[in-house]
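The values are calculated or read from the model by the stated rules, or taken from the named source; none is laboratory data. All values reported here derive from a predicted model rather than from experimental measurement. Glycine also receives a Cβ, built like all others from the backbone with ideal geometry; neighbour counts cover every protein chain displayed. With ligands, DNA and RNA removed, areas are computed over all heavy atoms of the protein, side chains included. Shrake-Rupley method; radii C 1.70, N 1.55, O 1.52, S 1.80 Å.
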Amino acid sequence: MADLDWLSIAALAVIAALFAGLFLLRRAGAKFTLLTVIALVVGIGVGLAFQGHLDYVDVIGTIYVNVITAVVAPLIIVSVLSSVTSLGSLAKLRTIGLSSVFWLLTTNLIAILLTLGLALATGIGKGANLELAGVDGSALTGLLAPLDEVIVGLFPHNVVGDISSNNIIAIILFTLLIAVSYLIVADKNAEKVRPFKEFVDATRRVLFKAVGFIIALTPYAVLALVAVTTSTAVTRIETALSLVGVLVIALVACFVDAYLVNGVLLRVFADLNPLRFFRLLTPAQYTAFTTQSSIGTLPLTISTLTRKIGVSDEVAGFTAPIGTTIGMPGCAGIWPTLVAVFTVNALGIDYTPLDYVVLVVLGLLVSLGTAGVPGTAIVTATAVLTAVGLPIEVLVLLIPISAIAGTASTMANVTAAATSAAIVARRAGALDDEIFAGRAVHRDDLDDDRVADASYAGGHDSDAIEADASTPGAAPTELAAHR
């Protein structure tokens, strides 16, 4: 029998003890965001202390990612169905749909221009002695599919297969087909399709309850995931110190884009306090950072948008899923652009302003249909370099850096998608400032029966809710049911 790795067992025991600590903190009333931040900090410490001995801990994180990914396809289907059927008209669908795509692409365009400016200003890659002889890039070439196959793959082919592979665009398009058909039929005779709408709404309620149970485990998963990520990142940095400049610029671009750029957009176009917005979004950002999966973070993103930020169910359920495959400023904007400029400078290639314009345009095009899963940045960078005629062998040398930068890139993706949803909601008059300010709660957080009663009555039952929320000597707090 093979010798036991006692350090791995010790690491697992430490993680178990820390889980118990998080549980006790939660019982003591610690907020979800605080628990997530604590888990992130403690997880980094565990990763540094038990570097190379976290195989058992990795199992915990993998199980969480698998479970939360399993609910993504059902969540998208139910969210889009519920969103579109609640809009009531195709005109509203067109407005929200076009606005969502516009803002998602806009956030990516800003990220591309930001990265291009940083890369050119720092001269990243100049003086680098790259040796591409003997570097095999054929494996990366194999990641690319012909354009016609890419286009065909965006559309539904086998619904079951699309769901099992989380083919997001195909799932959304098929669900939109059903939802639009509902709107057309309901416009003529709403009574005939009322059972369908009631079934969708009931399914959404049940599914979000199940998602809530999974989301409650997020701090524990973040602790395990960040420990493994930290351990792996330390190892990779040691093997790629010569390229650490690329990593630094990638991280700076991701954090500036996520917080500064989106903060300005939130203030100017959504009239929201960026600091509060980011504080509310912190659990989703950290989950994205550790899982490196925009799709895997989607349940938490939608829940945060609706329950904490006040984005309507209709907008959050439509814009956030699209944001896992369109836009993606971290993986489809920042990383491909940085790699391209690095390659141009490192190899001394003569690049004209027009060539850079083409690079920007290609970065936008690549972001259409990008998969929000770990490793996406490598695929998008390969596509961009191939399209502009740059050698993809450079990417092989940058793979260790890409894996580390992927953490911040995914965080930037999720932040941009949430920002876009907030802007779309504000412009559509579908953002509840009372929820954002913490003075009201989402209807699903209220007692189900009383929300139902209020809904059937055509109101919010605010008087009864207000009475329950009041305490002796305190001013009553209105907990309006957000629709």
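Taking the criterion of being acidic (D, E) and without any contact (Cβ under 8 Å) to a residue 40 or more places away in the chain, no residue of the range 257-299 qualifies.
This table checks each residue for (1) part of a helix (DSSP H, G or I); (2) open to solvent by less than 50 Å² (accessible area, probe 1.4 Å).
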{"site": "A13", "(1), (2)": "yes, no"}
{"site": "F19", "(1), (2)": "yes, yes"}
{"site": "L25", "(1), (2)": "yes, no"}
{"site": "L35", "(1), (2)": "yes, yes"}
{"site": "V46", "(1), (2)": "yes, yes"}
{"site": "H53", "(1), (2)": "no, no"}
{"site": "Y56", "(1), (2)": "yes, no"}
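Is it the case that A250 is farther than 27 Å from A16 by Cα and either surrounded by fewer than 19 Cβ atoms within 10 Å (Cβ to Cβ) or touching a helix residue (DSSP H, G or I) at 6+ places or on another chain (Cβ under 9 Å) (or both)? Considered against the rule, which asks whether it is farther than 27 Å from A16 by Cα and either surrounded by fewer than 19 Cβ atoms within 10 Å (Cβ to Cβ) or touching a helix residue (DSSP H, G or I) at 6+ places or on another chain (Cβ under 9 Å) (or both), A250 comes out as yes. Based on this model, can you work out whether I465 counts as under 30 Å from D350 (Cβ atoms), surrounded by 15 or more Cβ atoms within 10 Å (Cβ to Cβ) and at pLDDT below 75? When the stated conditions are applied, I465 does not pass them.
Within the range 58-83, the set of residues being open to solvent by 30 Å² or more (accessible area, probe 1.4 Å), farther than 20 Å from Q285 by Cα and among the hydrophobic types (A, V, I, L, M, F, W, C) comprises V59, I77. So, of the residues in the range 117-148 that are part of a helix (DSSP H, G or I) and open to solvent by less than 20 Å² (accessible area, probe 1.4 Å), which turns out to be modelled with the highest pLDDT? Top of the filtered list is A119. When we screen A227, A186 for residues that are surrounded by 11 or more Cβ atoms within 10 Å (Cβ to Cβ), assigned to a helix (DSSP H, G or I) and touching an Asp or Glu at 6+ places or on another chain (Cβ under 9 Å), the only hit is A227. Among the residues that make up the range 418-430, is at least one of them part of a loop (DSSP other than H, G, I, E, B), modelled with pLDDT of 75 or more and open to solvent by less than 40 Å² (accessible area, probe 1.4 Å)? Within the range 418-430 (the criterion being part of a loop (DSSP other than H, G, I, E, B), modelled with pLDDT of 75 or more and open to solvent by less than 40 Å² (accessible area, probe 1.4 Å)), the answer is yes, since at least one residue qualifies. Close contacts from the range 179-194, counting a first residue that is without any contact (Cβ under 8 Å) to a residue 60 or more places away in the chain and a second that is surrounded by 11 or more Cβ atoms within 10 Å (Cβ to Cβ) and charged (D, E, K, R), with Cβ to Cβ under 9 Å and a gap of 6+ residues or different chains, come to A190/K197.
Tell me which residues, restricted to the range 257-285, are charged (D, E, K, R) and in contact with a Leu (Cβ under 8 Å, 6 or more places away or on another chain). Lay out the reasoning, then the answer.
Within the range 257-285, the subset charged (D, E, K, R) is 257, 267, 271, 276, 279.
Selection gives D257 alone.
Residues in the range 208-224 that are open to solvent by 30 Å² or more (accessible area, probe 1.4 Å) and of a type in the set (A, V, I, L, M): A210, A216, L217. Checked against (1) farther than 24 Å from A416 by Cβ; (2) crowded, with 23+ Cβ neighbours inside 10 Å, N108 passes all but a single condition, namely (1). Against the definition (among the acidic types (D, E) and either open to solvent by 40 Å² or more (accessible area, probe 1.4 Å) or outside any helix (DSSP H, G or I) (or both)), how does D257 come out, yes or no? No: the conditions fail for D257.
For residues that are within 9 Å of the chain's Cα centre (by Cα) and among the β-branched types (V, I, T), scanning just the range 286-295, find the one that is surrounded by the fewest Cβ atoms within 10 Å (Cβ to Cβ). Among residues in the range 286-295 that are within 9 Å of the chain's Cα centre (by Cα) and among the β-branched types (V, I, T), the one surrounded by the fewest Cβ atoms within 10 Å (Cβ to Cβ) is I295. Does A30 qualify as being open to solvent by less than 40 Å² (accessible area, probe 1.4 Å), aliphatic (A, V, I, L, M) and modelled with pLDDT of 80 or more? Yes.
Listed here are the residues, each with its yes/no results for (1) in a helix (DSSP H, G or I); (2) buried (at least 24 other Cβ atoms within 10 Å of the Cβ); (3) at pLDDT 85 or above; (4) at positive phi.
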position: T297; (1), (2), (3), (4): yes, yes, yes, no
position: R307; (1), (2), (3), (4): yes, no, yes, no
position: P321; (1), (2), (3), (4): yes, yes, yes, no
position: G330; (1), (2), (3), (4): yes, yes, yes, no
position: G333; (1), (2), (3), (4): yes, yes, yes, no
position: P336; (1), (2), (3), (4): yes, yes, yes, no
position: N345; (1), (2), (3), (4): yes, no, no, no
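For the range 309-319, the tally of residues that are at negative phi and either of a type outside the set (A, V, I, L, M, F, W, C) or open to solvent by 10 Å² or more (accessible area, probe 1.4 Å) (or both) stands at 6.
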